[in-house]
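Since every read-out is calculated from the coordinates, none of them should be taken as a lab result. All of these numbers come straight from a predicted model, not from anything done at the bench. For neighbour counting, all protein chains shown are included, and Cβ atoms are generated from backbone atoms with ideal geometry for every residue, glycine included.
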Amino acid sequence: MSELDQVTLTAGEKSVALPVLKPTLGNDCVDISKLTKETGLFTYDPGFGATASCKSAITYIDGDKGVLLYRGYPIDQLAAKSSFTEVSYLLMNGELPSSDELSKFEHEVTHHTMMHESLKSFLQGFRHDAHPMAMLAASVASLSAFYHDTLDLNDPEQRRLAAIRLIAKMPTLAAAAHRYTAGQPIRYPRNNLSYVERFLHMMFEVPSEDLELSPVVAKAMDLLFILHADHEQNASTSTVRLVGSTGANPYASVAAGITALWGPAHGGANEAVLKQLAEIGDAKNVAKAVERAKDKNDPFRLMGFGHRVYKNFDPRAKIIREMTHKVLGELGVNDPLLEVAMKLEEAALQDDYFVERKLYPNVDFYSGIIYKALKIPTEMFTVMFAIGRTPGWVAHWLEQQVDPDARIGRPRQIYTGSPSRDYTKG
Ligand code: SDX
């Protein structure tokens with residue numbers, strides 16, 4: 001944090017003093033809200049790499065040091081000691097729950113896991129080979145058509161209940177999308193199971209035999225959900241906030257976040273990483289892949305590498321990399337793609353192109369290998385990311401609803417089109 005309390009911008013004859021806002025942690029921010037009024041100038045920051053869109057107390061990232069805090073708690077401590085439902089409570093409420101608060105929260109989430117029966121026929125409208133992200137986004141957006149009792153955004157209890165419903169139903173909707181495309185009967189959530197076990201049951205239990213739930217698989221999935229739970233103003237969370245800023249209901253706002261997450265530059269990267277590793281196929285092809293990733297004339301990029309904020313190792317990637325070896329070992333899975341991934345990481349981290357640009361493995365680089373070992377279909381990988389990110393999305397939506405600075409998001413532009421001209425057609 002600097003000693004600056006204002007900066008002065010001189011534009012021709014004009015100069016304007018702009019206040020400097022101080023964070024708890026991280027970069028000071030120049031408040032430019034009066035810049036245009038005082039100078040007529042806009043600022044230009046494509047991708048918002050240097051722009052704070054809001055004030056938030058939920059998550060802090062130090063990209064240079066590879067630090068990630070959820071409500072002040074370091075991600076490695078939460079990964080080692082917490083659970084996904086406890087982290088969900090923390091992100092939503094700002095403090096860790098007492099054991100009584102946690103059991104009440106888990107009980108409430110458990111009793112909101114069923115989806116409206118009509119949603120089963122809604123899913124029937126999709127082709128059998130529909131991508132589950134398309135089905136998830138559509139079914140989440142449709143929730144506002146079923147739950148009219150949580151659409152009054154001025155009522156804090158309705159806002160809270162909508163957040164609970166989204167956390168509760170995301171696994172049910174996700175599993176239903178998978179079961180539909182797999183041609184298997186949709187499974188109802190079992191209230192006697194934990195959050196992750198319930199999801200695994202809905203994903204993999206078939207009428208012809210009992211499902212044996214593996215504690216190793218459940219623990220690994222719970223940890224992956226913790227690691228994906230929030231990440232400051234990433235593209236999908238910023239989308240939830242932008243849509244939420246218009247007064248749109250929480251189901252529509254989160255559905256918009258799901259569609260933003262789908263892109264391969266964002267949450268879609270985990271699915272793209274596995275496909276890329278399979279295309280590389282063998283460690284002997286790694287050098288060629290690295291060369292292609294450096295070639296500006298080739299759109300090929302190393303998926304799972306690089307990050308807008310982290311210019312050091314993504315702390316989540318470190319945890320997932322260690323977890324990959326542990327989980328595959330415990331499950332007795334020997335995946336040749338793991339060796340390809342390790343060779344690719346080793347080659348990239350020794351290559352000047354990646355070193356100069358501070359391109360390190362991110363959260364998506366190893367997660368797909370674990371999902372594969374947990375028998376999650378590749379096209380469900382980004383759906384897994386969406387389940388994990390839901391507490392973050394709803395926490396930011398709730399925070400925005402009570403933010404006195406919150407306004408409708410409406411950026412400006414640099415107009416590069418035609419000057420005004422008359423319509424002269426005969
Ligand atoms: C997530 O924001 C978040 O917090 C996201 C996330 C979350 O939890 O919400 O962390 C989850 O989305 C992780 C990122 C997943 N995406 C990928 O793994 C896709 C591959 N990565 C890249 O597309 C890229 O690194 C981004 C999109 C992640 C970041 O893009 P930026 O910040 O706009 O960086 P850039 O494109 O300006 O790259 C800077 C330079 C460029 O080269 P030069 O123009 O300087 O010569 O690095 C190069 C890029 O060409 N580069 C890569 C590269 N990533 C960046 N070159 C090869 N392979 C890559 N993966």
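Consider Lys326 carefully, then state whether it is within 11 Å of the ligand (Cβ to nearest atom), surrounded by fewer than 16 Cβ atoms within 10 Å (Cβ to Cβ) and either in a loop (DSSP other than H, G, I, E, B) or of a type outside the set (Asp, Glu) (or both). Judged against the criteria, Lys326 is not a match.
Quick check: is even one residue across the stretch 279-295 exposed (fewer than 14 other Cβ atoms within 10 Å of the Cβ), within 12 Å of the ligand (Cβ to nearest atom), in a loop (DSSP other than H, G, I, E, B) and over 19 Å from the mean Cα position of the chain (by Cα)? So far as the stretch 279-295 goes, yes, one or more of its residues are exposed (fewer than 14 other Cβ atoms within 10 Å of the Cβ), within 12 Å of the ligand (Cβ to nearest atom), in a loop (DSSP other than H, G, I, E, B) and over 19 Å from the mean Cα position of the chain (by Cα).
Every listed requirement among (1) over 25 Å from the mean Cα position of the chain (by Cα); (2) in a helix (DSSP H, G or I) is met by Met133 save one, (1).
Selection of the stretch 296-323 for residues being within 9 Å of the ligand (Cβ to nearest atom) and either in contact (Cβ under 8 Å) with a residue 60 or more places away in the chain or among the small types (Gly, Ala, Ser) (or both) yields Met303, Gly304, Phe305, Gly306, His307, Arg308, Val309, Tyr310, Asp314, Arg316. The number of residues in the stretch 36-86 being assigned to a loop (DSSP other than H, G, I, E, B) and of a type outside the set (Phe, Trp, Tyr) comes to 22.
Within the stretch 368-414, the set of residues being assigned to a helix (DSSP H, G or I) and among the polar types (S, T, N, Q) comprises Thr378, Thr382, Thr390, Gln400, Gln401. Among Pro250, Pro215, Pro207, which is more than 12 Å from the ligand (Cβ to nearest atom), in contact with a Phe, Trp or Tyr (Cβ under 7 Å, 6 or more places away or on another chain) and over 21 Å from His131 (Cβ atoms)? Step by step, each of Pro250, Pro215, Pro207 is checked, and only Pro250 is more than 12 Å from the ligand (Cβ to nearest atom), in contact with a Phe, Trp or Tyr (Cβ under 7 Å, 6 or more places away or on another chain) and over 21 Å from His131 (Cβ atoms). Of the set (1) within 14 Å of the ligand (Cβ to nearest atom); (2) of a type outside the set (A, V, I, L, M); (3) at positive phi, all apply to Lys275 but (3).
For the stretch 348-357, residues that are more than 8 Å from the ligand (Cβ to nearest atom), exposed (fewer than 14 other Cβ atoms within 10 Å of the Cβ) and not in a helix (DSSP H, G or I) total 1.
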